[in-house]
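Heads up, the thing below is written out as structure tokens.
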Amino acid sequence: MIKVTIRDGESVDRLIKRFLRHVKNRGLLKAFREDRYFKQKPTKKKIREAALSREKYRAENKKKQYIS
């Protein structure tokens, strides 16, 4: 997350320029654009791994629910 605070005597235009420079240096805009149009569908393996991790998470939370 990019956090930019205004400095003493700094104009809003300068603050916006500094923010945009941070975004550009991190490459966030490029990453968002790539994900928007060229996102690949998850493979069967990734779908299965995600489902297993969800089940594990849900089982842990269910145990916590009965303990407290």
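So here's what we get for this one:
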| quantity | calculated |
| --- | --- |
| Length gained when the stretch residue 33-residue 4 is fully extended (0.36 nm per residue, less Cα-Cα span) | 8.2 nm |
| Approximate spin-label separation residue 63-residue 45, in nm, with each point projected 7 Å along Cα-to-Cβ | 2.8 |
| Reach of residue 24 by Cα under 16 Å, taken over lysines that are not fewer than 8 positions away in the same chain | 3 |
| Crossing angle, helix 12-26 versus the chain [Cα axis fit, 0-90 degrees, rounded to tens] | 50 |
| Stokes-Einstein D in µm²/s, Kirkwood radius over Cα pairs - the chain at 10 °C with 1.306 mPa s viscosity | 96 |
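Every number here is computed from the coordinates shown, using simple stated rules; none is lab data. This one's a predicted model, so the numbers in the text were calculated from it and none came from an experiment. Don't worry about glycine lacking a Cβ; one is built from the backbone with ideal geometry, like all the others, and counts go over all protein chains shown.
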